[in-house]
Amino acid sequence: MKIIGINGSPRKSQSRTAQLVKEVLNSAAASGAEIEYIDIIDLKLNFCIACDKCHKSGKCVHNDDFQALMDKIAAADALVVGSPVYIFSVTAQLKVWLDRLGGTTIHCQQLLGKYGAVVATSGSSGENETAQYLETSLIFTGMQCVGKVAGSIDTDGLLAADSQLMKEAGELGLSLVKAVETKQEFPEQINMHKQFLEYFKYALLKHQDKWAWEYKYWQDKGWL
Ligand SMILES: Cc1cc2nc3c(=O)[nH]c(=O)nc-3n(C[C@H](O)[C@H](O)[C@H](O)COP(=O)(O)O)c2cc1C
């Protein structure tokens, strides 16, 4: 079992979000998972420029680290994504990656069958809304999310190893491993996937000439 963790904070070794993402990963590793941790700030990711090319060709026009990251995620069973709250939402660095999912990853539900978990930290508020936003974004790629750790941290410095949030992160890692091992089903999220396929089918039928690659992908999957 392979699990990837992405931290959206630019603060790397000083990041409390990083601590929590790593704790989710380490707890999963203690149960036998192979893990990989990534600071999004280390990647070169360009903004989505809404050129529409990915829908037509299946490929993004940017030559940066996005595809290599997506290849890693495609080869993994699960993904943990964390972000600090920056003005009521995720960091700009993470949002660049999320916007890039809007192309083939979401339109073609390319992460169906994978599991996710999310982490959000704030200085005072917005952590639950940000965690919810991240979870919804992952569900829209086709993933099922097993849970969230969201905390407001009104102190400077790193979290204590025995803090409540670190304990919750450890438990989230175990939930993630269990979900992958048992192919756990979350009926509400499966329903969201079905609703997406139902709704998006009409968008694709309408744009079938323009979005040729995606149309073919759906045809091959038998979703049309
Ligand atoms: C640019 C910026 C914007 C922030 N915006 C908010 C905010 O809107 N609400 C909040 O409660 N905390 C806000 N914070 C505080 C961070 O969310 C908080 O310190 C978080 O735990 C940092 O995570 P990290 O240690 O992983 O970098 C902001 C911090 C920065 C640098």
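Below, the figures for the structure above:
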| quantity | calculated |
| --- | --- |
| Scope the stretch 117-132; condition on the phi < 0 side of the Ramachandran plot and buried (at least 19 other Cβ atoms within 10 Å of the Cβ); matching residues | 117, 118, 119, 120, 121, 122, 127, 130, 131 |
| Test: residue in the stretch 45-65 that is acidic (Asp, Glu), under 17 Å from the mean Cα position of the chain (by Cα) and within 14 Å of the ligand (Cβ to nearest atom) | no |
| Per-region count, the stretch 142-160, residues part of a loop (DSSP other than H, G, I, E, B) and surrounded by 23 or more Cβ atoms within 10 Å (Cβ to Cβ) | 1 |
| Residue among 130, 121 that alone is within 13 Å of the ligand (Cβ to nearest atom) and either in contact with a Lys or Arg (Cβ under 7 Å, 6 or more places away or on another chain) or assigned to a loop (DSSP other than H, G, I, E, B) (or both) | 121 |
| Members of the stretch 179-220 found to be open to solvent by 40 Å² or more (accessible area, probe 1.4 Å), in contact (Cβ under 8 Å) with a residue 12 or more places away in the chain and either within 29 Å of residue 50 (Cβ to Cβ) or part of a helix (DSSP H, G or I) (or both), listed by number | 181, 190, 192, 197, 201, 205, 207, 210, 212, 213, 217 |
| Matching residues in the stretch 83-96 - criterion: being part of a strand (DSSP E or B) and in contact with a Leu (Cβ under 6 Å, 6 or more places away or on another chain) | 83 |
| The stretch 71-95 - residue that is away from the ligand (no atom under 13 Å from the Cβ) and open to solvent by 20 Å² or more (accessible area, probe 1.4 Å) and, of those, farthest from residue 2 (Cα to Cα) | 71 |
| Only listed residue being free of Cβ contacts under 8 Å to residues at least 60 places away in the same chain and closer than 15 Å to residue 81 by Cβ, chosen from 172, 111 | 111 |
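Results for (1) hydrophobic (A, V, I, L, M, F, W, C); (2) surrounded by fewer than 22 Cβ atoms within 10 Å (Cβ to Cβ); (3) at pLDDT 95 or above, shown as yes or no for each residue.
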site	(1), (2), (3)
2	no, yes, yes
9	no, no, yes
17	no, no, yes
25	yes, no, yes
29	yes, yes, yes
43	yes, yes, yes
46	no, yes, yes
59	no, yes, no
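One line per residue, one yes/no per condition, for (1) within 12 Å of the ligand (Cβ to nearest atom); (2) touching a residue at least 24 places away in the same chain (Cβ under 8 Å); (3) aliphatic (A, V, I, L, M):
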site	(1), (2), (3)
1	no, yes, yes
8	yes, yes, no
15	yes, yes, no
36	no, yes, no
40	yes, yes, yes
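The values are calculated or read from the model by the stated rules, or taken from the named source; none is laboratory data. Everything numeric in this text was worked out from a predicted model, so none of it was measured. A quick note on method: Cβ atoms are made from the backbone with ideal geometry, for glycine too, and the neighbour counts reach across all protein chains shown. Note: areas computed on protein heavy atoms with side chains; ligands, DNA, RNA excluded. Shrake-Rupley method; radii C 1.70, N 1.55, O 1.52, S 1.80 Å.
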